[in-house]
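Below is one structure, written out as structure tokens; comments come after it.
Please treat every number below as a calculation from the coordinates, not as lab data. Everything numeric here is computed off the predicted structure, so don't read it as measured data. Reconstructed Cβ throughout: ideal geometry from the backbone, glycine too, with neighbour counts over all protein chains shown.
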Amino acid sequence: MIKEKQQFKVIIEQDADGLFVASVPSLPGCHTQAKTIAELKKRVREAISLCLEVAQTDPQYRKKLELFAYEPNFLGLDLVTV
């Protein structure tokens with residue numbers, strides 16, 4: 001049986017220490033970090049896989065998905081000086 005691929009929107013930021021941080025809004029609690037973008041991409045795939053595994057077996061996590069998951073629409077980025 002061929003497993004169907006899924007796509008997830010990932011928000012990537014860089015923290016004050018220079019680490020790259022990824023969050024997956026459609027999977028609450030799905031976050032990871034790394035020193036490089038290449039490592040971050042690998043880790044975020046692992047984090048998504050783990051969250052999907054948990055979703056199959058944990059009814060409490062599935063409830064969180066219903067309540068808190070969302071799909072962001074990227075509008076842009078702005079720098080505001082006050």
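Here are the numbers for this structure:
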| read-out | value |
| --- | --- |
| Selection count where residues are under 14 Å from the mean Cα position of the chain (by Cα), surrounded by fewer than 10 Cβ atoms within 10 Å (Cβ to Cβ) and under 10 Å from Pro28 (Cβ atoms), scope the range 63-82 | 1 |
| Subset of the range 1-45 [exposed (fewer than 11 other Cβ atoms within 10 Å of the Cβ) and not polar (S, T, N, Q)] | Met1, Ile2, Lys3, Glu4, Lys5, Glu13, Asp15, Ala16, Asp17, Gly18, Ala38 |
| Gln33, sole failed condition from (1) in contact with a Leu (Cβ under 6 Å, 6 or more places away or on another chain); (2) in contact (Cβ under 8 Å) with a residue 40 or more places away in the chain | (2) |
| Residue tally, condition touching a residue at least 24 places away in the same chain (Cβ under 8 Å) and either more than 16 Å from Gln6 (Cα to Cα) or not in a helix (DSSP H, G or I) (or both), over the range 37-60 | 2 |
